[in-house]
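Visitor: Below are the structure tokens for one structure; questions will follow.
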Amino acid sequence: MSDTSVGEHTGPSKQSYDVVIVGSGMGGGTLAYALADSGVDVLLIERGDFLPQEKQNWDPREIFEGHRYANAEQWYDTSGKPFSPGTYYYVGGNTKLYGSSLVRFRREDFQSTEHEAGESPEWPFSYDDFAPYYARAEEVYRVHGDQFDDPTLPRDEPFPYPAIGHEPPVQEAADALRRLGYTPSNIPLGIDLRDGGGCIRCQTCDGFPCRLLAKSDADVRCVRPAIASGSVELLTNAYVERVLTDSTGQRATGVRLRHRGTELVVDARTVVVSCGAVNSAALLLRSASAEHPDGLANSSGMVGRNYMVHNNSIMVGINPLKKNTSEFQKTLYINDFYTSGTADHPYPLGHVQLIGKLQGEMVKGQRPLIPKWALSQATARSIDWWLFTEDLPEPDNRVTLTDDGNIQIAWTPNNTRAHEVLVREMRKILRKIGYPFVFSQGTGIEVNSHQAGTVRAGTDPATSVLDADCRAHDVDNLYVVDSSFFPSLPVMNPALSIAANAFRVAEVITDRVATRTHHTPAESASL
Ligand SMILES: Cc1cc2nc3c(=O)[nH]c(=O)nc-3n(C[C@H](O)[C@H](O)[C@H](O)COP(=O)(O)OP(=O)(O)OC[C@H]3O[C@@H](n4cnc5c(N)ncnc54)[C@H](O)[C@@H]3O)c2cc1C
């Protein structure tokens, strides 16, 4: 077993904290780490528990057929049909099962970009403002990469660790792509392949928990070190029901939570919500009060709106005559379509990256009528990709609550033509590089691993919920630091940007809390 004794709490040790963070995933876990040793005391509240370290961590049947670690409640679409979302409630949040592809958004992602379906809006800060925090996040999450091989990469300095390189079948694909004039590059990855590091480059990384704790997830890299620092306390199995405010509604006073069957109120000078984009919006909506009748911090009406998830397809190329012997397949990506399109679609198409090596058990759920032996034969000869295209913020794509308090998602994909063109182009490319049989499948409402945008940041309080520091326009000491703040969802994996932003916001919070401690209580209240 891992050292999970830190999770064995009977309740918070105090009534009041400088900072209460709700949610211990990429946003909340990184923020807790960034605040450790900064002179503020922090309570990190997580509805889940530590994910156990056990042999089933690496068993595809347990995970993909038995859904062993799927612990989210059902959500509902607008017709009232329930679905099981691809989101996980554990210390470390979704990063416990993520693929640790830790990439920076590109410089132009922070600016407005034109797509066929409309505008991807600019962010309230620039790439250059953000770059130092990317560097910090890459250091903490031990990112391995190559600064030279991808011309879209906005960096001059080396990665903290060198790229891990490709196994022979992936290198063959890279060489063939290069011969066609494309630019295959190394995916920046957060795994512990340092000298003496614990990673064994296995097949069970992307979509699996790491049994060796050698994947840079938010639990291992941030929450555990934060607790070890002594200035961060973790409360697990604690579901936050509401953020509370004073009688003016302009200051958060703490949270109400349910912990092992007991209702508790914890006081805080600063409250940070970081529950993942869907749950953060749901928490603010549930925190409606007389002062905030439409949900906390929702005078703009934007809480829950502009839900984005990317347009995603999985694409499998099969060469019946050639086995793919890769163990750690997820090392290569292509950005040739990141900012450009085709003659018939001269707009950005998106991003293509390899995923963890598929195995028969992993696709059985999608293809129940095909015998598992046939799926195993096919996946032994396949190369497996994830294609994603930017979707645009659209107010009617939104998170709401049903009358009985459940989560409901209204989602109509947009900018879909760009995705169709990307799928078409990639299909041609895979055939040219030696995979005559190509299958692709778009993902549905339940695949929301890149969920974002529901508590958007901006400079105008009429059209955004948070300011550029991720502080609520309406509530002076309330912050949101998960992917909810994204004004757009650039077509890269989001986790590194969430972590970098947490480091950025940590500085803002530390400065404000430090300023308050040098004032009288009356002065502090007005800060
Ligand atoms: C299978 C998979 C693969 C992925 N691969 C990649 C990848 O390779 N690269 C990448 O960049 N991204 C990847 N992602 C996405 C990445 O994991 C997320 O973008 C990231 O974890 C989001 O961070 P977050 O802080 O917004 O939310 P989360 O990490 O989901 O954290 C939210 C936390 O809040 C807790 N919580 C929710 N509600 C409450 C409440 N009311 N009270 C208390 N606690 C609460 C949850 O239990 C959870 O721990 C992947 C995701 C999945 C599922």
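The values are calculated or read from the model by the stated rules, or taken from the named source; none is laboratory data. Given the structure is predicted, the values throughout are model-derived calculations rather than measurements. All Cβ positions, glycine included, derive from the backbone under ideal geometry; neighbour counts span all protein chains shown.
Visitor: Restricting to the stretch 217-276, count the residues that are within 21 Å of the chain's Cα centre (by Cα), surrounded by fewer than 19 Cβ atoms within 10 Å (Cβ to Cβ) and over 23 Å from Leu51 (Cβ atoms).
Guide: Of the residues in that region, 0 qualify.
Visitor: Further question on the same structure: Only one residue in Tyr347, Tyr333, Tyr307 is in contact with an Asp or Glu (Cβ under 9 Å, 6 or more places away or on another chain), more than 27 Å from Ser382 (Cβ to Cβ) and buried (at least 22 other Cβ atoms within 10 Å of the Cβ). Which one?
Guide: Values: Tyr347 fails: buried (at least 22 other Cβ atoms within 10 Å of the Cβ); Tyr333 fails: more than 27 Å from Ser382 (Cβ to Cβ).
Residue meeting the stated conditions: Tyr307.
Visitor: Looking only at residues that are hydrophobic (A, V, I, L, M, F, W, C) and over 21 Å from Thr400 (Cβ atoms) in the stretch 466-488, which one is farthest from the ligand (Cβ to nearest atom)?
Guide: Across the stretch 466-488, the extreme among qualifying residues is Ala468.
Visitor: With the requirement that a residue be basic (Lys, Arg), touching a residue at least 24 places away in the same chain (Cβ under 8 Å) and in contact with an Asp or Glu (Cβ under 9 Å, 6 or more places away or on another chain), what does the stretch 363-403 give you? Don't jump to the end; show me each part of the working.
Guide: Pass one, the stretch 363-403, residues basic (Lys, Arg): 364, 367, 372, 381, 398.
Imposing the further condition that a residue be touching a residue at least 24 places away in the same chain (Cβ under 8 Å) reduces the set to 364, 381, 398.
Correct list: Lys364 only.
Visitor: Now for a different question. For the stretch 122-135, give me each residue that is over 19 Å from the mean Cα position of the chain (by Cα) and either at pLDDT below 95 or crowded, with 19+ Cβ neighbours inside 10 Å (or both).
Guide: Scanning the stretch 122-135 gives a single hit, Pro124.
Visitor: On to the next question. In the stretch 443-465, how many residues are of a type outside the set (Ser, Thr, Tyr) and more than 14 Å from the ligand (Cβ to nearest atom)?
Guide: Let us first name the residues in the stretch 443-465 that are of a type outside the set (Ser, Thr, Tyr), namely 444-448, 450-453, 455-458, 460-462, 465.
With more than 14 Å from the ligand (Cβ to nearest atom) added as a condition, the list becomes 444-445, 458, 460-462, 465.
Qualifying residue count, the stretch 443-465: 7.
One line per residue, one yes/no per condition, for (1) surrounded by 15 or more Cβ atoms within 10 Å (Cβ to Cβ); (2) within 16 Å of Glu116 (Cβ to Cβ); (3) touching a Gly at 6+ places or on another chain (Cβ under 9 Å):
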{"site": "Ala374", "(1), (2), (3)": "no, no, yes"}
{"site": "Ala378", "(1), (2), (3)": "yes, no, yes"}
{"site": "Pro395", "(1), (2), (3)": "no, no, yes"}
{"site": "Asp403", "(1), (2), (3)": "no, no, no"}
{"site": "Gln408", "(1), (2), (3)": "yes, no, yes"}
{"site": "Asn414", "(1), (2), (3)": "yes, yes, yes"}
{"site": "Ala418", "(1), (2), (3)": "yes, yes, yes"}
{"site": "Val421", "(1), (2), (3)": "yes, yes, yes"}
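Visitor: Also, quick follow-up: Please determine whether any residue of the stretch 380-394 is more than 25 Å from the chain's Cα centre (by Cα) and not in a strand (DSSP E or B). Walk me through it before giving the result.
Guide: Of all residues in the stretch 380-394, those more than 25 Å from the chain's Cα centre (by Cα) come to 380-382.
Filter once more, keeping what is not in a strand (DSSP E or B): 380-381.
Yes, the stretch 380-394 contains at least one residue that is more than 25 Å from the chain's Cα centre (by Cα) and not in a strand (DSSP E or B).
Visitor: Turning to a different aspect of this structure: Please state which one of Lys81, Lys96 is among the charged types (D, E, K, R), away from the ligand (no atom under 16 Å from the Cβ) and at pLDDT 95 or above.
Guide: Matching residue, one of Lys81, Lys96: Lys81.
Visitor: Any residue in the stretch 66-80 that is in contact with a Gly (Cβ under 9 Å, 6 or more places away or on another chain) and not in a loop (DSSP other than H, G, I, E, B)?
Guide: No, the stretch 66-80 contains no residue that is in contact with a Gly (Cβ under 9 Å, 6 or more places away or on another chain) and not in a loop (DSSP other than H, G, I, E, B).
Visitor: Scan the stretch 15-63 residue by residue and report those that are assigned to a loop (DSSP other than H, G, I, E, B) and within 16 Å of the ligand (Cβ to nearest atom). Please lay out each step first, then the result.
Guide: First, pick out the residues of the stretch 15-63 that are assigned to a loop (DSSP other than H, G, I, E, B): 15, 23-25, 36-41, 46-48, 50-54, 59.
Answer for the stretch 15-63, where residues must be assigned to a loop (DSSP other than H, G, I, E, B) and within 16 Å of the ligand (Cβ to nearest atom): Gly23, Ser24, Gly25, Glu46, Arg47, Gly48, Phe50, Leu51, Pro52, Asp59.
Visitor: Next up: Return a yes/no flag: does the stretch 403-420 have any residue that is of a type in the set (Ser, Thr, Tyr) and either part of a loop (DSSP other than H, G, I, E, B) or modelled with pLDDT of 95 or more (or both).
Guide: We begin by selecting, within the stretch 403-420, every residue of a type in the set (Ser, Thr, Tyr); these are 412, 416.
If we keep only those that are either part of a loop (DSSP other than H, G, I, E, B) or modelled with pLDDT of 95 or more (or both) as well, we get 412, 416.
So far as the stretch 403-420 goes, yes, one or more of its residues are of a type in the set (Ser, Thr, Tyr) and either part of a loop (DSSP other than H, G, I, E, B) or modelled with pLDDT of 95 or more (or both).
Visitor: Something else: Among the residues of the stretch 132-169, write down those that are closer than 29 Å to Glu507 by Cβ, outside any loop (DSSP other than H, G, I, E, B) and either of a type in the set (A, V, I, L, M) or free of Cβ contacts under 8 Å to residues at least 24 places away in the same chain (or both).
Guide: Listed by number, the residues that qualify are Pro132, Ala135, Ala137, Glu139, Val140, Val143.
Visitor: Are there any pairs with C-beta distances below 6 angstrom linking a residue in the stretch 90-113 that is free of Cβ contacts under 8 Å to residues at least 24 places away in the same chain to a residue that is in a helix (DSSP H, G or I) and more than 8 Å from the ligand (Cβ to nearest atom), with the two at least 6 apart or on different chains, and if so which?
Guide: Correct list of pairs: Phe110/Tyr127.
Visitor: Could you check the stretch 265-307 and list, in sequence order, the residues that are closer than 19 Å to Ile407 by Cα, in contact (Cβ under 8 Å) with a residue 60 or more places away in the chain and more than 16 Å from the ligand (Cβ to nearest atom)?
Guide: The answer is Asn298, Met302, Arg305.
Visitor: Still on this structure, I have one more. Which numbered condition in (1) more than 18 Å from Glu327 (Cα to Cα); (2) assigned to a loop (DSSP other than H, G, I, E, B); (3) of a type in the set (Gly, Ala, Ser) is the only one that Ser185 fails?
Guide: Every listed condition holds for Ser185 apart from (2).
Visitor: Return the total of residues in the stretch 184-207 being under 15 Å from the mean Cα position of the chain (by Cα) and buried (at least 20 other Cβ atoms within 10 Å of the Cβ). So that I can check it myself, show each step before the final result.
Guide: First, the residues of the stretch 184-207 that are under 15 Å from the mean Cα position of the chain (by Cα): 189-190, 206-207.
Add one more test, that the residue is buried (at least 20 other Cβ atoms within 10 Å of the Cβ), and what stays is 189-190, 206.
Summing the residues that are under 15 Å from the mean Cα position of the chain (by Cα) and buried (at least 20 other Cβ atoms within 10 Å of the Cβ) in the stretch 184-207 gives 3.
Visitor: Something else: Residues in the stretch 106-129: is at least one among the hydroxyl-bearing types (Ser, Thr, Tyr), within 14 Å of the ligand (Cβ to nearest atom) and assigned to a loop (DSSP other than H, G, I, E, B)?
Guide: Kept after step one, since they are among the hydroxyl-bearing types (Ser, Thr, Tyr), are these residues of the stretch 106-129: 112-113, 120, 126-127.
The next check asks that each one be within 14 Å of the ligand (Cβ to nearest atom); those that pass are none.
No; the residues of the stretch 106-129 include none that is among the hydroxyl-bearing types (Ser, Thr, Tyr), within 14 Å of the ligand (Cβ to nearest atom) and assigned to a loop (DSSP other than H, G, I, E, B).
Visitor: Mind checking which residues of the stretch 89-119 are surrounded by fewer than 22 Cβ atoms within 10 Å (Cβ to Cβ) and polar (S, T, N, Q)?
Guide: Selection gives Gln111, Ser112, Thr113.
Visitor: Mind checking which pairs have a first residue in the stretch 461-489 that is at positive phi and a second that is within 16 Å of the ligand (Cβ to nearest atom) and hydroxyl-bearing (Ser, Thr, Tyr), Cβ under 6 Å, 6 or more apart or different chains?
Guide: Cys470/Tyr479
Visitor: Kindly evaluate Gly190 against the criterion of being in a loop (DSSP other than H, G, I, E, B) and farther than 16 Å from Phe50 by Cα.
Guide: Details: in a loop (DSSP other than H, G, I, E, B): no; farther than 16 Å from Phe50 by Cα: yes.
Answer is no for this residue.
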